[in-house]
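Worksheet: the structure to be examined is printed underneath.
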Amino acid sequence: MQRDLRGFLKISLLGIVMGGVGTIAAEVLLRLINFTTNLAFYHRISWEAVSPVGNTLGWTIILLPVIGGVIVGIMARYGSKAIRGHGIPEAMEQIWLHRSRISPTVTILKPLSTAVSIGTGGPFGAEGPIIATGSAAGSLLGQLFSMTTNQRKILLACGAAAGMTAIFGTPVASILLAIELLLFEFSLRSLVPVAFATGCAALLRVYLHGLVPLFAVAAITHVSSVSFPLYAVIGALVGVASVFVSRAVYVVEDLFEKLPVHWMWWPAIGGVVVGIAGYFDSRSLGVGYENITGILTGSFSTGAIIALGSWKFISWVTALGSGTSGGTLAPLLTFGGAIGALLGILANHLCPSLDINLTIAAAVGMAAMFAGASRAFLTSVIFLFEITHEPQLLLPCLCGCTLACAVSYLMMRHTIMTEKIARRGIPIPHHYEADIYRHTACSEAMESNVQTVPETLSVSELATRIARWDDPASGLHAFPILDSKGLLAGVISRGDIFRSMADGDSAETVLEAGSTELITVYPDQMLHDAWQKILHHDIGRVPVVSRENPKKLVGMLFRRNFLAMRQRMLHEENTTERGWLSRDPASKPSS
């Protein structure tokens, strides 16, 4: 217990450290993107934030993403192939395949390749790469100290969550993202360190950028209850769109796989499409956070929203499918916001009495697109609230995200985050289920009516009993040994019997042949504790003894008892019980 406490405190303190590291990494990445954007589009040395919109390069703008693609391809081939992609799937893969161990090279090359990619016009967000960079930093910190694989996974999640918080100012959504996409567990041992990391990152972000939300919107004073069903419909329709967007990425990726050129050149080929899209609409280039603000505030006309969404999608799906380095969240927000705003405009045109708030419609579209594409349901709902600081968005986004996730679940087996990993044969969990071993007491699963043997019984006599097939003991593989007072003295297994018979000592007693160093559990302990002891000591059973008298046997747990509990869980999950309202007489519940 003391060792667990020390480990928990150690990871919690390192979580705070990762909060600072993640914030620094995010700031460095943003400054690198700003520097590269200024240099590429305006031919000046500056670290200030700037957008490619308004450049005067003319048709030569088409060349910039190509040049960026060449540089990223070279970095990926001769540096690390792991920098390719949008960050989160790569972090998930390291958790499941490589025990949360990420090469230090990725920590350096990922932000550099992202800065080049986005700075030369790549239509990506910075969040995916900073999540990957934070993950790599957390993994690296975890490799510096002695710790378990699970603790290293928690540090990896701390770095990812801290990076996302530093970019968006969303500490709660970042915790949920870590749980839903990286940790796949909801426990205090992981929740507390990640919360420390995001809390630290949030405080540092306030110090650096103030409390202003990333996407400020006008205060929403009233939400009509009549409009909620329509927001739910918007969520469902955007959910369908999220399936299309997710599949489109991998269709394009498959097309690139068929090209007769080395994958190093794919980002440059994708850069041609990015450059052409940028020539016709420069708003499709770069991170485009100002586009998200424009959609939320209603600053764009209907035609501008259609043009932005179309060119951004063509540019992004091609660039991401080519395997260059960049994030998905900002583009997904742009697509979802554009679709949500257009659906809101259409609804107001067809039925003005509904009075759909276009800011809410766009926000629901953004949240629903993220929810449908990633199925990070809780993250999506809270995320829109935290990036806008508008509480009136919570309930509409909840309605929209619910239907978007439902539609995505029905239409698509994997998500945009897990499809690439699933293609490599790596199973990723989609559900959080309570471990039946952790909430079932040993007393509920143990066998109380156990065949025992006295300590004076010889091994040969016990072997004779087992040989009689009508004896209830014939099906057992181990027998508790009781002393003259009826208290537990040891356990003898069939293996012990075979060894004793092979040695030819037929007069040896079961106590002499068996084991007297007992591994026991109490009836009120959980099956998880018993299973841990069975695995740790490589035994096939464990006696259950009274807590008041540890020598008093109350039952036995065999491996078959654990399997029986799993079977019960499957039965409860898959067996349909007869209902009271069933019209079929045969299906009426029994009394």
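Residue pairs exceeding 21 angstrom between C-alpha atoms, taken from K110/K312; K153/K533; K81/K312; K10/K81; K258/K420: K110/K312; K153/K533; K81/K312; K10/K81. Between 0 and 90 degrees, the angle of helix 266-280 with respect to the longest Cα principal axis of the chain falls at about 40 degrees. Please list, by residue number, everything in region 337-351 whose backbone N is under 20 Å from a paramagnetic label point 7 Å out along Cα→Cβ of S224. Under 20 Å, as judged by backbone N against the label point of S224, lie 340-351 of region 337-351. Nearest 10 degrees, 0 to 90: what angle lies between the long axis of helix 127-144 and the longest principal axis of the chain (Cα atoms)? Helix 127-144 and the main axis of the chain meet at about 40 degrees. The phi torsions of region 534-551, fed into the Karplus equation with coefficients 6.51, -1.76 and 1.60 and a -60° offset, translate into couplings of 4, 6, 5, 9, 6, 10, x, 7, 8, x, 9, 10, 5, 5, 6, 9, x, 9 Hz, rounded to whole numbers, with Gly and Pro shown as x.
Computed from point charges on the beta carbon alone (+1 for Lys and Arg, -1 for Asp and Glu), the dipole magnitude for the chain about its Cα centre is near 980 Debye. Hey, for a label at R6 modelled as a point 7 Å past Cα toward Cβ, could you say which residues of region 190-224 have their backbone N under 20 Å away? Only 190, 193 fall inside the zone, counting backbone N under 20 Å. Taken about its Cα centre, region 526-571 carries a charge dipole of about 140 debye when Lys and Arg each add +1 at the Cβ and Asp and Glu each add -1 at the Cβ. For the chain, the antiparallel share of DSSP beta bridges with both residues in that region comes to about 80%.
Just tell me the longest site-free run in the chain, where the sites are GluC sites (Glu not before Pro) in a DSSP loop having at most 11 other beta-carbon atoms within 10 Å. Maximal segment without exposed cleavage sites: 49-432. Placing a label point 7 Å from the Cα of I24 along the Cα-to-Cβ direction, the residues of region 172-216 whose backbone N falls under 18 Å from that point are 197-209. The label-point distance for E573 and L354, in a model that sets each label 7 Å from Cα toward Cβ, rounds to 3.9 nm. The Rg/Rh ratio of region 498-544, with Rg taken over Cα atoms and Rh as the Kirkwood radius over Cα pairs, comes to 1.13. Using the Kirkwood radius over Cα pairs, work out the Stokes-Einstein diffusion coefficient for region 180-227 at 10 °C and 1.306 mPa s, in µm²/s as a whole number. So the translational diffusion coefficient is about 112 µm²/s.
Output the relative contact order of the chain, whole-number percent, from Cα pairs under 8 angstrom with separation of 6+ residues. Across the chain, relative contact order equals 14 percent. For Rg and Dmax of the Cα atoms in Å, the value calculated from this model appears in (i) 30.4, 100; (ii) 26.9, 85; (iii) 26.5, 97 under label (i).
For the chain, the longest principal axis of the Cα atoms and the long axis of helix 88-97 meet at an angle of about 20 degrees.
In the distance distribution for region 126-195, Cα-Cα pairs more than 18 Å apart total 28 percent.
Dividing the Cα radius of gyration of region 269-385 by 2.2 N^0.38 Å, with N the residue count, gives 1.08.
Among all stretches of the chain without exposed chymotrypsin sites (Phe, Trp or Tyr not before Pro) (DSSP loop, at most 13 other Cβ atoms within 10 Å), which one is longest?
187-431
FRET efficiency for the pair A304 and E444, taken as 1/(1 + (r/R0)^6) with r the Cβ-Cβ distance and R0 = 45 Å, rounds to 0.10. Solvent exposure of the chain, expressed per residue, is 45 Å² of accessible area, with all protein chains present and a 1.4 angstrom probe.
The values are calculated or read from the model by the stated rules, or taken from the named source; none is laboratory data. Just so we're clear, the structure is a prediction, and the values are computed from it rather than from any experiment. Quick reminder, even Gly has a Cβ in these numbers, built from the backbone with ideal geometry, and neighbours come from all protein chains shown. When the accessible area is computed, the model is the full protein with side chains, heavy atoms only, and any ligands, DNA or RNA have been set aside. Shrake-Rupley method; radii C 1.70, N 1.55, O 1.52, S 1.80 Å.
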